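I have placed the structure first, in the form of structure tokens, so that the comments after it can refer back to it.
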Amino acid sequence: MSRNNTPTNCTPSKETTYDWTAFDSPIIAIVEGAAELLETEPTELPQLYQSIDTDALETLLVQEGRIPIELTFEYGELLVSIDGTGRLCLEK
């Protein structure tokens, strides 16, 4: 299956849009969303830091005066697209 790495063209199995303040961090939102999509417990997923530098991800997305940034990366069997506006797209 070919994957389109552009979040705006993503045809996801699941797409979640959330307010950053609804979660402690985008890291938690990614892991919780992935667990829900894969119908498993968050503790059963691979560690997110094995796929991306979580400190850098947090810094880029949660900084004061957010910049328009989009990041796409693989997390286990999922393609994760996330941007500075709070949009999270998880594709199986």
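The values are calculated or read from the model by the stated rules, or taken from the named source; none is laboratory data. From a predicted model like this one, the values you see are computed outputs, not experimental measurements. Quick reminder, even Gly has a Cβ in these numbers, built from the backbone with ideal geometry, and neighbours come from all protein chains shown.
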Some residue of region 60-81 being in contact with a strand residue (DSSP E or B) (Cβ under 8 Å, 6 or more places away or on another chain) and charged (D, E, K, R): yes
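Results for (1) surrounded by 14 or more Cβ atoms within 10 Å (Cβ to Cβ); (2) in contact (Cβ under 8 Å) with a residue 12 or more places away in the chain; (3) not β-branched (V, I, T), shown as yes or no for each residue.
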| residue | (1), (2), (3) |
| --- | --- |
| E32 | yes, no, yes |
| L38 | yes, yes, yes |
| S51 | yes, yes, yes |
| D55 | no, no, yes |
| Q63 | no, no, yes |
| E70 | yes, yes, yes |
Among the residues listed as I27, I82, the single one being without any contact (Cβ under 8 Å) to a residue 60 or more places away in the chain and under 9 Å from the mean Cα position of the chain (by Cα): I27
Scan of region 54-77 for residues that are modelled with pLDDT of 90 or more and either within 14 Å of S25 (Cα to Cα) or touching a Pro at 6+ places or on another chain (Cβ under 9 Å) (or both), ordered by number: T54, D55, A56, L57, L71, T72, Y75, G76
All positions within region 40-49 that are surrounded by fewer than 16 Cβ atoms within 10 Å (Cβ to Cβ) and in contact with a Phe, Trp or Tyr (Cβ under 9 Å, 6 or more places away or on another chain): P46
